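**Student:** Before we start, here is the structure in question, set down as structure tokens.
The values are calculated or read from the model by the stated rules, or taken from the named source; none is laboratory data. Note that the coordinates shown come from a computational prediction; the quantities given were computed from them, not determined experimentally. Cβ sites come from the backbone with ideal geometry, for glycine too, and all protein chains shown count toward neighbours.
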Amino acid sequence: MQGYLFKLPTAFLALFLSNVQSSSSVVSIQPPISLLLGDEYRPADEEAASAERDPFAIDPALVERGIRGHAITQNALASYLRSLGLEPLSPRMEDPNFDIAWRNGERVFVAEIKSLTNANEEKQLRLGLGQVLRYAQQMRRLGSVSPVLLVERRPSDESWSLLCREIGVILVWPDIFERLRH
């Protein structure tokens, strides 16, 4: 901010900015967290149905199960975060298209959620890992960002936990949300 703006009266600045703080003669402007990252959390629709598809291409029941599993897992994380006193966030138009994000102190957490079946597990984990790494890279402007890959159940291949730990991605599922406390 330009130095001459510090000489303006606090009451004058307050006419234009809703978040002006004054300490003696020094005025500082604190952008609200919601302007820096995300928006108020919008719960995922757990009853959403998929659009009509060619029934021979992909089984619509599997698609709907995946959508529902994703929504249930996402909303469970939002509830867990609230139980810790943390605010879950949904992306704004200008944010990367993450599933859910939150702040804990100075640290930003960004999560990608994937539903898993035995048939799609490997593909979903690869896709989710790439997505969450990209979101974290795009959000570095916010400071320290921790990528979180949230799956609806424990992966059957244990090497995914090792891989994620090696590259700094937090891999969790609903049974072990407590890993997010650290």
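**Student:** Just one of (1) in contact with a Ser or Thr (Cβ under 9 Å, 6 or more places away or on another chain); (2) surrounded by fewer than 18 Cβ atoms within 10 Å (Cβ to Cβ); (3) at pLDDT below 90 trips up Pro55, so point out which.
**Tutor:** (1)
**Student:** Got a number for residues in the stretch 152-172 being without any contact (Cβ under 8 Å) to a residue 12 or more places away in the chain and among the polar types (S, T, N, Q)?
**Tutor:** 2
**Student:** Please indicate, with yes or no, whether at least one residue in the stretch 93-101 is at pLDDT below 95, touching a Ser or Thr at 6+ places or on another chain (Cβ under 7 Å) and in the same structural domain as Ile170 (by TED's automatic domain parsing).
**Tutor:** no
**Student:** Continuing with this model, one more query. Inside the stretch 93-134, can you point out the residues that are within 20 Å of Ala76 (Cβ to Cβ), acidic (Asp, Glu) and in contact with a Gly (Cβ under 7 Å, 6 or more places away or on another chain)?
**Tutor:** Glu112
**Student:** Which is over 23 Å from Arg165 (Cα atoms), assigned by TED's automatic domain parsing to the domain that holds Pro155 and either of a type in the set (S, T, N, Q) or touching a residue at least 24 places away in the same chain (Cβ under 8 Å) (or both), of Gly69, Gly85? If you could, list the steps in order and put the result at the bottom.
**Tutor:** On the way: Gly85 fails: either of a type in the set (S, T, N, Q) or touching a residue at least 24 places away in the same chain (Cβ under 8 Å) (or both).
Unique residue meeting the criteria: Gly69.
**Student:** Something else now. Looking at the structure I just gave you, is Arg107 more than 14 Å from Glu152 (Cβ to Cβ), at pLDDT 95 or above and surrounded by fewer than 19 Cβ atoms within 10 Å (Cβ to Cβ)? Write out each step before concluding.
**Tutor:** On the way: more than 14 Å from Glu152 (Cβ to Cβ): yes; at pLDDT 95 or above: no; surrounded by fewer than 19 Cβ atoms within 10 Å (Cβ to Cβ): yes.
For Arg107, the condition - more than 14 Å from Glu152 (Cβ to Cβ), at pLDDT 95 or above and surrounded by fewer than 19 Cβ atoms within 10 Å (Cβ to Cβ) - is not met.
**Student:** In addition: For the stretch 147-171, give me each residue that is touching a strand residue (DSSP E or B) at 6+ places or on another chain (Cβ under 9 Å) and within 19 Å of Gln74 (Cβ to Cβ).
**Tutor:** Scanning the stretch 147-171 gives Pro147, Val148, Leu149, Leu150, Val151, Glu152, Pro155, Cys164, Val169, Ile170, Leu171.
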